[in-house]
Amino acid sequence: MWHLEPGDGAPLYKRIIRHLEAAVASGHLAPGERLPSERDLARLLSVNRSTVIRALDEMGDRGILVRKRGSGTYVNREKWGVQSYARLNWQDPPALLPAAKAGPFHREAAFLRQRAARSGEKLRDLSRDELAPGLLPVFPIPERSWRDVVRAEQGDEAAHLGLPQLRHSLSAFLRATSGIDAPAEDILITSGSRQAIFLITQCLLKVGDAVGVEAPSYFYSLPVFQAAGLRLYALPMDEHGITLEGLEKLASRRSLKMVFVNPVFHNPTGTVMSDARKNAVLDFCAAARIPIVEDDAYSLLFFRRMEGLSPLKAWDRRNQVIHIGSLSSYAGRNLRAGWLLAPTGIIAKLAAARQMMDAGLSVLPQIIANEYLDNVATRHLSVLRGNLAASALELAAFLRGTFGDRIVFDPPSGGLYTYAVMRDRDARSYAAMQTAFLRHGVIPALGEDFGDARPSFRLNHSLFS
């Protein structure tokens, strides 16, 4: 643990930084863990104390460590403000991957999953980011000969941007369902929203850039931002989405290069950003020259028609929003088909970068996605909304009947998630509440996994049955 690898020509303090970073990334140093004192660390590593201080100070400046005068040095519990160096170094894969979740709750949840897999006993794992299998659409795969499939993949446009037929179908689908006027040439087909986010972080941002994300947010849980060496900063939220005051305050203190939002049926809280708030955010970001990335994963999963359902991109008149979406929320995660809308120049840059990595997407998921959009989506989405609304009501009844007023939540108006928060007076019972969920055969996702400081839980109501 405390043995430095042989020198590679790098300054000694940088070798110490790399050593400690690897220990944090691999889980040998856990979030919140106190490091040995400067004097002890110097002795363990056989270096001067001044070298240790320089390394710890730099890691403190980058937010990886928290330096407390008179108390010691600790591993930061959170990602907010942390800058990692870019980690796409395949010779050191542990540093790219998030550290394993090793708390008592996560260990017990893993044990319950394994036991249920062996015994077949019922376990409601509501922590997962996927639609319940019983809600997936059932439709035949279009009949195509292998020669037709190969022919469809030919041509520069199909290889770089995606099948022209699917891009035109998406253009029509987005216009009809979301009010987004996106010409086919501004659409890049992706294997899903995570590939889109990866391309954006790797190609449009650079190491050390500051980006704003909602707090809490599923963006917080993704390792891709740390892999790109970016700094994440929290954007405060209220019941209408990110607050304009919070955005303005953060932009005044940090040079934000981009803002990432999930404004309709937000993951994890289920919040819907109001139309007035959307326009205010657009106006501010346009004046501040801050591009916006919108992940529109759930806007078509409304339980009833309501204000705020239009994606941010539908209000975008300055072409300042990069809009990403995926069919996984509607047709299942195994249908690897998503999209990215952006100005033509950005689309060309991202397509060229992806071409260097994988030489194009498989055509089969695109053919199935096109069939879903053209012939299945309208009917399936209507049924899906009704089923999700019913499962959300069932979960709400369970939460109220089991936990009473110890947790509070707003009944969701759409999407996949119910977000429950403990009352301030019961906050000290967070660990006990986690155990109570598991005792009832329910595994929630913890709010802290999304950067929430409150004792909170995200539950996928589509999986409650």
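Data table
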{"read-out": "In region 296-331, residue modelled with the lowest pLDDT [restricted to those that are under 18 Å from ASN460 (Cα atoms), of a type in the set (A, V, I, L, M, F, W, C) and open to solvent by less than 30 Å² (accessible area, probe 1.4 Å)]", "value": "ALA331"}
{"read-out": "Matching residues, region 179-225, being of a type in the set (Gly, Ala, Ser) and out of contact with any strand residue (DSSP E or B) (no Cβ under 8 Å at 6 or more places or on another chain)", "value": "GLY179, ALA184, SER221"}
{"read-out": "Qualifying residue in region 144-167 (condition: among the aromatic types (Phe, Trp, Tyr) and either at pLDDT 65 or above or outside any helix (DSSP H, G or I) (or both))", "value": "no"}
{"read-out": "Those residues of region 411-461 which are touching a residue at least 40 places away in the same chain (Cβ under 8 Å), charged (D, E, K, R) and in contact with a helix residue (DSSP H, G or I) (Cβ under 8 Å, 6 or more places away or on another chain), in sequence order", "value": "ASP449, ARG458"}
{"read-out": "Test for LEU282: is it in contact with a strand residue (DSSP E or B) (Cβ under 8 Å, 6 or more places away or on another chain) and modelled with pLDDT under 95", "value": "no"}
{"read-out": "Cβ pairs under 6 Å, 6+ apart, first in region 214-229 and on the phi > 0 side of the Ramachandran plot and at pLDDT below 90, second of a type in the set (Ser, Thr, Tyr) and open to solvent by 20 Å² or more (accessible area, probe 1.4 Å)", "value": "GLY229/TYR85"}
{"read-out": "Candidate set from region 5-28 (those that are among the hydrophobic types (A, V, I, L, M, F, W, C) and touching a residue at least 60 places away in the same chain (Cβ under 8 Å)); member that is nearest to SER46 (Cα to Cα)", "value": "ALA22"}
{"read-out": "Any chance PHE450 is more than 23 Å from LYS122 (Cα to Cα), in contact with a Pro (Cβ under 7 Å, 6 or more places away or on another chain) and either open to solvent by less than 30 Å² (accessible area, probe 1.4 Å) or basic (Lys, Arg) (or both)", "value": "yes"}
{"read-out": "Lone qualifier among VAL259, VAL281 - being under 19 Å from ASP452 (Cα atoms), touching a helix residue (DSSP H, G or I) at 6+ places or on another chain (Cβ under 7 Å), β-branched (Val, Ile, Thr) and buried (at least 18 other Cβ atoms within 10 Å of the Cβ)", "value": "VAL259"}
{"read-out": "Residue check, THR418 out of contact with any Ser or Thr (no Cβ under 8 Å at 6 or more places or on another chain), polar (S, T, N, Q) and open to solvent by less than 10 Å² (accessible area, probe 1.4 Å)", "value": "yes"}
{"read-out": "Only listed residue being of a type in the set (D, E, K, R), open to solvent by 70 Å² or more (accessible area, probe 1.4 Å) and at pLDDT below 85, chosen from ARG77, ARG69", "value": "ARG77"}
{"read-out": "Residue within region 388-398 that is assigned to a helix (DSSP H, G or I), touching a strand residue (DSSP E or B) at 6+ places or on another chain (Cβ under 7 Å) and open to solvent by 40 Å² or more (accessible area, probe 1.4 Å) present", "value": "no"}
{"read-out": "Helices (runs of 4 or more DSSP H) completely within region 1-75 that count 1 or more residues being touching a Ser or Thr at 6+ places or on another chain (Cβ under 6 Å)", "value": "12-26, 49-61"}
{"read-out": "Checklist (1) in a strand (DSSP E or B); (2) open to solvent by 40 Å² or more (accessible area, probe 1.4 Å) applied to ALA431, failing item", "value": "(1)"}
{"read-out": "Of the criteria (1) without any contact (Cβ under 8 Å) to a residue 12 or more places away in the chain; (2) of a type in the set (Gly, Ala, Ser); (3) in contact with a helix residue (DSSP H, G or I) (Cβ under 9 Å, 6 or more places away or on another chain), which one ALA353 fails", "value": "(1)"}
{"read-out": "Residue tally, condition under 22 Å from GLN320 (Cβ atoms), hydroxyl-bearing (Ser, Thr, Tyr) and open to solvent by 20 Å² or more (accessible area, probe 1.4 Å), over region 201-223", "value": "0"}
{"read-out": "Scan of region 332-376 for residues that are among the charged types (D, E, K, R), over 17 Å from GLU130 (Cβ atoms) and surrounded by fewer than 20 Cβ atoms within 10 Å (Cβ to Cβ), ordered by number", "value": "LYS349, ASP358, GLU371, ASP374"}
{"read-out": "Scope region 227-242; condition open to solvent by less than 30 Å² (accessible area, probe 1.4 Å), farther than 13 Å from GLY451 by Cβ and of a type outside the set (Gly, Ala, Ser); matching residues", "value": "LEU230, ILE242"}
{"read-out": "Scope region 187-227; condition closer than 20 Å to ALA342 by Cα and assigned to a loop (DSSP other than H, G, I, E, B); matching residues", "value": "SER191, GLY192, LEU204, LEU205, LYS206"}
{"read-out": "Which numbered condition SER193 fails, given (1) open to solvent by 50 Å² or more (accessible area, probe 1.4 Å); (2) within 21 Å of LEU230 (Cβ to Cβ)", "value": "(1)"}
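The values are calculated or read from the model by the stated rules, or taken from the named source; none is laboratory data. All values reported here derive from a predicted model rather than from experimental measurement. Glycine also receives a Cβ, built like all others from the backbone with ideal geometry; neighbour counts cover every protein chain displayed. Surface areas here come from the heavy atoms of the whole protein model, side chains and all, with no ligands, DNA or RNA. Shrake-Rupley method; radii C 1.70, N 1.55, O 1.52, S 1.80 Å.
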